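In what follows, a structure is listed as structure tokens, so that the remarks can point back to it.
Read the figures in this text as sums done on the coordinates, not as results from a lab. These numbers were taken from a predicted model, which means no experiment stands behind them. Using ideal geometry, Cβ is built from the backbone for each residue, glycine included, and neighbour counts are taken over all protein chains shown.
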Amino acid sequence: MLETGAFNVKDVLVEMKDISDSMLDLAYSAVLYSNPEIAKEVFRLEEKMHSLLYKVRIAIMLGARNLEDAIEFSAILQMASAAEKISNAAGDIAKIAESVDITRYLDQEDFEEAVINVRIKPASVLKDKTLKELKLETETGMGVLAIKRGSKWIYSPDENERLKEDDLIITSGPTEGIPVFCKLATGEEYKEKEVAREEGIKRKRITEEIADLIADMKNMSELMVGLSYSAVMFDSKEIAEEVKDLEESMDRMKDELEISVIEAARGITKKSTFDELRGLLHVAISSEIISDAAYEIADVVLRDIQLHPVFSASIKESDEVILKLDAKNEEIFKKTLKELKIETRTGMFILAIRRKDGKWVYNPAGDAEIKKGDLLIMRGPKEGEEKIKEIVFAQNSVEF
């Protein structure tokens, strides 16, 4: 194992991946709720990422003894630098929450992973229980990003954190998991707020195209990060090529958004509206930077660079696992992802499906069917690994 002085490089890489993942979720949360407090946590994590990259650079310089080492370590450095670029982009997104409110341009229904805040009420079955006991990600698909208790924030809470009455919980996950989570948190049936409809009307009045493009860019940038790590993990040039194609699509989407924002700005004299449109441009630019960083990770595979084992080990030990599973359970064949409710039941997100004939389906929609001979690429919490294997392999009884 590559070590230097008081730290282990594998542990540093694990921490960098976990922090960059958390920062993305927190940054978008800060913007979606126009919350400067969450933005400050993103900035703190950004500073931590800088110091972690510094450690990796030192280790690379001390560890390379020959040309072969240098080639392997250069790939590690390239991916560590890409992780830091993702964190920098997340920091830029969070800055928007400090200066301008762009929530009226954002519609969470367009996001593949929703971010919601819910307060724990007296009737909640979640109160006085630890996150480890609740297993929320594998029961609802929703992961806890932060807890606000009084005036104190708890970010990326560990599994022993106990939820309390009146806690404000910020979670992210599939939109299908929102009703279940909200009922657990409040003891009441979930109802869409009237505010959501009012915001929808306001959004249409402003510019629906801008909102759709922002959501598409957010969804695509997050997909690309997952695919890029999958490409490296499974040494798949096919997946890496898809990341490359998606990066080019992101460039085109950013161009479209810039044009849409310019058109929306015509005739506007109100400074606050200009600030909002500028904020939207910053989100788009940052999302495109994230996609560039994802491509940098996948580029290692495209260039046939031999990876040091420390990198694969760091992915396996991060908070989020990446799996490649063959669909063997006949009970799930010809069922759609929506029917199987994989995300809400396991917390696992299907990044791609490779059909028996070799064709790939990337970012499959809810109506995508699982077929005999399918290979599934997915990411999600470690706790969901056994559950998804039960579903895909039929190791135990499977209920739908």
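Remarks
- When the Cα atoms of segment 18-135 are aligned to their principal axes, the ranges along those axes come out at 62, 38, 25 Å in descending order.
- For the chain, relative contact order (Cα pairs under 8 Å, six or more residues apart, normalised by length) works out to 18 percent.
- Sequence-distant residues sharing a close amide H with residue 347 (under 5 Å, placed H): 141
- Helix-derived mean residue ellipticity, 222 nm - over the chain, DSSP H n ≥ 4, -39500 (n - 2.57), to 500: -19000 deg cm²/dmol
- In a reduced charge model with +1 at each Lys and Arg Cβ and -1 at each Asp and Glu Cβ, segment 109-195 shows a dipole moment near 540 debye about its Cα centre.
- Relative contact order, percent, segment 109-195 [alpha-carbon distance under 8 Å, six or more residues apart]: 42
- Hz values of 3J(HN,Hα) by residue in segment 309-320 - Karplus curve (6.51, -1.76, 1.60), Gly and Pro given as x: x, 4, 6, 4, 5, 5, 5, 5, 9, 6, 4, 10
- Sites residue 259 and residue 117 - FRET efficiency at Förster radius 25 Å, r taken between beta-carbons, to 0.05: 0.15
- Peptides 171-179, 62-70 ranked from most to least packed by the mean count of surrounding Cβ atoms within 10 Å: 171-179, 62-70.
- Shown in residue order for segment 338-354 are the 3J(HN,Hα) couplings computed by the Karplus curve 6.51 cos²θ - 1.76 cosθ + 1.60 at θ = phi - 60°: 5, 5, 6, 6, 4, 5, 6, 8, 10, x, 8, 10, 6, 7, 7, 10, 9 Hz (x for Gly and Pro).
- Cα convex hull of segment 109-195 - mean projected area over all directions, nm²: 5.7
- Spin-label pair residue 365-residue 304: with each label point 7 Å from Cα along the Cα-Cβ axis, the two points sit 3.9 nm from one another.
- Segment 235-267-segment 325-368 distance, computed between alpha-carbon centres (Å): 26
- Shape of the chain, Cα gyration tensor, a/c cut at 1.5: rounded
- Using the Cβ-Cβ distance between residue 249 and residue 132 with R0 set to 30 Å, the FRET efficiency works out to roughly 0.15.
- Protection proxy ranking, peptides 300-312, 219-231, average beta carbon neighbours within 10 Å, highest first: 219-231, 300-312
- Karplus-derived HN-Hα couplings along segment 111-125 (A = 6.51, B = -1.76, C = 1.60, θ = phi - 60°), whole Hz, x at Gly and Pro: 8, 5, 10, 7, 10, 10, 10, 9, 9, 6, 9, x, 7, 5, 7
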